[in-house]
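Since the structure comes first, as structure tokens, the remarks are kept for the end.
The values are calculated or read from the model by the stated rules, or taken from the named source; none is laboratory data. These figures come from a predicted structure and were not determined experimentally. Note that we place each Cβ from the backbone using ideal geometry, even for glycine, and neighbour counts take in every protein chain shown. Accessible surface areas use protein heavy atoms only, side chains included; no ligands, DNA or RNA. Shrake-Rupley method; radii C 1.70, N 1.55, O 1.52, S 1.80 Å.
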Amino acid sequence: EALAPSWYGSDELRAGDSLTEIVEVCSVNLVNAELRLKRCERGAFGYREFEDDSTSLAYMVPELLGLIGCLVEPEGDAAVSEGIKDILLILAIRCHWLAASFYLWLSRSASHLQDIRNAETAALQNIDSAVECFEKLGPSVVLSTPHLESPARSGRHWRELSSSTLSSYKNELQASFVVSRARQRFYELRLNERSFVGVTKTVDITETDTNILLEISSELLGRYGVDYEGLGGKHDELVADLFKYHDAEIQALTSPFAAESCYNGSKRDDIKNKDVPSQKWKGLWDVVALSPMQLANLIQSRHLSLVSILSVCAQSRDDAFQVMTSLLSGLALAALDQYEQLSDQGRKDDKASEPSPSGRNAGDSSDDFFSDSDDDLLGGQSNSDPLDKRQGESALLAARLFIEKLAELVSSCSNADLVRDYATGVEFKLLMHQAIILSSGKHDASSTQMQLLKSPPKLDTLNSISQLFAALLLKVKGDQDVVRELSSTVFKSLIQVIVQLRRNFPTLVRSRKKGDQRLGRAKHQATCVTYASFVAVVASEISRLLSMNQSILYSDGGLEESYLITTITSLEPGSSLHDFSVIVQMSETLMWFYKYIINADVIDGSGDLSSQRPGAVPSSVVHRTTARMLVAPIASSIIALCGAVGHGNRSSVARLFLSLHLNEQDDRLASISDYCDTDDSANAWYSDENDENSSDNGDQGPDTRSSRCLLKMILQSVQCCGLVFGGINERLVCSDVKALFVNALEDNGPLLPLVTVRTLTHFADILLTVFGNDQADRRGALWSEEYPYSARSTGLQLDSLLHKAYRCLHGFTLTSQNSPGASNTD
């Protein structure tokens with residue numbers, strides 16, 4: 001008895017002992033130990049007397065584990081009923097939970113590192129044993145333990161035990177154990193007390209320090225060096241730890257960066273080149289140390305976040321680039337997902353509290369544009385939690401920081417193979433797509449005007465992800481396959497964004513009813529301008545990408561569409577299955593914005609595209625302002641799309657169109673005579689008499705029918721470019737648009753004339769190469785003197801458009817420029 005303080009009954013199993021008596025002994029002692037542990041946690045640690053609670057528990061816990069282990073065996077007595085087996089499993093679960101709680105209490109009270117680790121390991125092992133018992137008992141079983149609750153104990157696992165609560169608690173413990181050990185070992189190095197050496201003031205780190213840093217990084221990466229797991233994953237712990245140490249610095253930067261999001265694109269200076277990162281991000285830039293100077297600045301702080309400790313330790317590793325790219329990508333995705341979750345919750349709260357707009361039903365058309373006749377509107381109140389909004393902005397700011405640090409890391413990497421592997425990885429593509437989509441606000445078709453106004457696009461986020469894209473593109477520009485993969489990833493996301501913004505734009509800009517006092521007029525107009533500037537940036541990037549990746553002409557007359565078009569029409573890379581809904585939505589989106597521009601009376605409209613309707617509301621100041629911002633980007637996108645689509649069997653889009661219009665006499669198809677002033681029947685080139693004999697010319701060039709169709713396609717495309725580009729005055733043509741993903745230095749001039757020159761030159765090359773028929777000229781078809789009817793008219797139109805474009809680009813005119821009134825007879 002003296003050797004077993006506070007133990008009830010026999011502590012050994014004897015032959016002939018009743019199972020009921022053994023269960024009774026185990027149950028009574030289990031409850032006794034559970035209550036003693038609660039009392040231990042309320043008092044100070046120490047062995048004050050022989051029968052102190054801690055002394056009793058040190059004996060009782062191992063005895064309980066031994067006793068229950070003898071009763072619950074993998075191959076138990078077959079004569080034991082199922083009811084008794086369940087009781088034994090329940091006792092085993094509670095005994096293991098008691099042991100885990102006791103060892104955790106010991107680890108918090110111990111002073112030696114090895115004692116702490118031994119106690120933590122024993123606690124985790126007992127939790128695993130309890131979870132295994134739950135699997136035998138049933139994974140859905142929940143044990144109620146209200147007697148274990150106390151003010152000092154928080155968490156669901158104290159009032160009820162289940163497989164899920166124990167697994168979640170184990171995950172928390174593992175994180176706590178790893179973090180505490182890593183912090184302690186890192187602080188023991190006392191790097192903040194080291195002297196600086198050299199001109200660059202770098203920290204003197206010895207070989208012993210390096211070995212310790214490697215051990216710390218291995219321990220931390222054992223938990224956090226995993227692929228991104230989604231919300232609630234391990235990367236969320238790192239983001240939360242960052243906020244714990246740097247919340248004040250993040251909040252101080254939220255307002256300045258919010259102003260950056262409202263950039264309207266009217267200035268030539270690019271935001272990302274406005275300030276160096278250390279000036280823009282201030283002290284936060286050194287939180288992730290990627291250079292010796294940043295390391296020297298970082299370790300001067302006595303308290304570092306886990307992200308900072310990981311960045312310091314990773315510099316000692318041979319695989320530092322792979323470790324940091326994976327870590328930063330996961331952190332950026334975790335922060336973006338947190339922002340998305342908080343934003344969605346805020347929109348739901350606002351939508352639940354928002355009354356139906358007076359005089360407008362949910363199904364009413366929202367295509368009407370707003371006018372200046374609305375009454376002044378006062379600021380409104382939001383039903384969403386301000387704390388959630390602040391946390392959301394902080395999460396987005398953290399995501400931007402991680403993305404821009406990724407760009408810095410890629411720029412400093414000298415191994416192109418490592419950069420290539422990262423650029424083609426799944427995690428990077430997910431990050432690129434998620435950042436672009438969330439930068440637009442991620443609204444859906446059901447978003448109300450109030451929701452659109454309260455959650456405008458984030459141009460600064462788009463700017464951050466574009467820096468990473470530009471850094472990767474610069475490193476892998478020699479590998480065309482990787483460049484194509486990068487460009488395709490960005491292009492698909494940009495198309496998705498602009499299509500969704502087109503769906504939201506009518507709701508955003510519609511006339512506000514009198515008496516609607518929820519949001520002020522000034523804020524409404526400013527937000528509309530913000531949306532327009534974001535659409536302008538997205539459209540300009542689409543046009544840049546398309547104009548630099550145009551269709552490709554083959555010797556058989558087939559015009560292969562740009563790989564960017566193939567990207568958005570193919571269901572899977574390399575698949576023969578296609579989904580043309582995206583290209584249709586893209587075309588419809590560009591045409592809707594073009595009609596929106598025409599409605600504002602800022603350019604000359606077209607009779608075919610006139611959107612004037614009886615009783616239409618006159619354009620407002622904001623309508624005209626936003627339309628002017630959209631002129632060059634939308635026009636550039638339409639023109640660039642004309643140069644990127646294909647023709648013939650090499651184009652999936654063309655095959656789809658021809659399958660819907662098998663009969664060339666279909667009245668929905670334009671004929672060549674619609675674009676020519678001459679009598680096309682006078683030329684045998686347009687007849688079908690030789691089509692049967694010219695269906696397959698091999699490598700000799702295109703047959704008559706395919707040549708005629710190709711010419712028709714070029715005529716229509718040049719006409720489209722002429723209608724769009726010709727109606728825009730030179731002041732709007734020369735307006736500049738912010739460049740993000742595609743380096744503005746590659747433009748060498750304003751966007752619209754540059755895209756126009758690229759596209760029209762592409763068409764001119766096709767005309768000169770394919771349709772020249774002077775076989776006697778050894779210089780080739782390019783120098784032919786005879787061309788099919790209508791080719792000369794198209795050439796004159798090309799010259800006229802190029803004359804205007806070159807004048808806007810370079811300030812000179814073509815001496816052979818044909819005046820509009822000149823005769824263009826073929």
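Here are the numbers for this structure:
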read-out	value
Single residue of Ala395, Ala407 found to be touching a residue at least 40 places away in the same chain (Cβ under 8 Å) and closer than 17 Å to Tyr339 by Cα	Ala395
Test: residue in region 498-506 that is free of Cβ contacts under 8 Å to residues at least 60 places away in the same chain, open to solvent by less than 10 Å² (accessible area, probe 1.4 Å) and more than 14 Å from the chain's Cα centre (by Cα)	no
Count of region 694-734 residues which are modelled with pLDDT of 80 or more and outside any helix (DSSP H, G or I)	4
Near pairs, Cβ below 8 angstrom, 6+ apart or cross-chain, from region 416-440 (more than 21 Å from Leu501 (Cα to Cα)) to any residue that is open to solvent by less than 20 Å² (accessible area, probe 1.4 Å) and in a loop (DSSP other than H, G, I, E, B)	Ala416/Val476; Val419/Cys413; Val419/Val476; Arg420/Val476; Ala423/Val476
Count of residues meeting criterion [assigned to a helix (DSSP H, G or I) and loosely packed, with under 14 Cβ neighbours inside 10 Å] in region 144-170	3
One residue from Gly225, Gly155 being touching a Phe, Trp or Tyr at 6+ places or on another chain (Cβ under 8 Å) and modelled with pLDDT under 85	Gly155
Test: Leu401 is at pLDDT below 95, buried (at least 22 other Cβ atoms within 10 Å of the Cβ) and among the aliphatic types (A, V, I, L, M)	yes
When residues of region 101-121 are limited to those that are under 43 Å from the mean Cα position of the chain (by Cα) and among the charged types (D, E, K, R), the one surrounded by the most Cβ atoms within 10 Å (Cβ to Cβ)	Glu120
Residues of region 534-567 satisfying the condition of being at pLDDT below 85, open to solvent by 10 Å² or more (accessible area, probe 1.4 Å) and among the aliphatic types (A, V, I, L, M)	Leu553
Where a residue in region 165-179 is within 13 Å of Trp97 (Cβ to Cβ) and its partner, wherever it lies, is not in a helix (DSSP H, G or I), with Cβ under 7 Å and at least six apart	Tyr169/Gly155
Test set (1) open to solvent by less than 50 Å² (accessible area, probe 1.4 Å); (2) of a type in the set (D, E, K, R); (3) at pLDDT 80 or above - Glu354 fails condition number	(3)
Selection from region 614-647 of residues that are at pLDDT below 65 and surrounded by 15 or more Cβ atoms within 10 Å (Cβ to Cβ)	Val617, Ser619
Residue list for region 435-449, filter: surrounded by fewer than 22 Cβ atoms within 10 Å (Cβ to Cβ) and either farther than 18 Å from Ala532 by Cβ or under 12 Å from the mean Cα position of the chain (by Cα) (or both)	Ile437, Lys442, Asp444, Ala445, Ser446, Thr448
Unmet requirement for Val141, which otherwise passes all of (1) assigned to a helix (DSSP H, G or I); (2) among the hydrophobic types (A, V, I, L, M, F, W, C); (3) within 40 Å of the chain's Cα centre (by Cα)	(1)
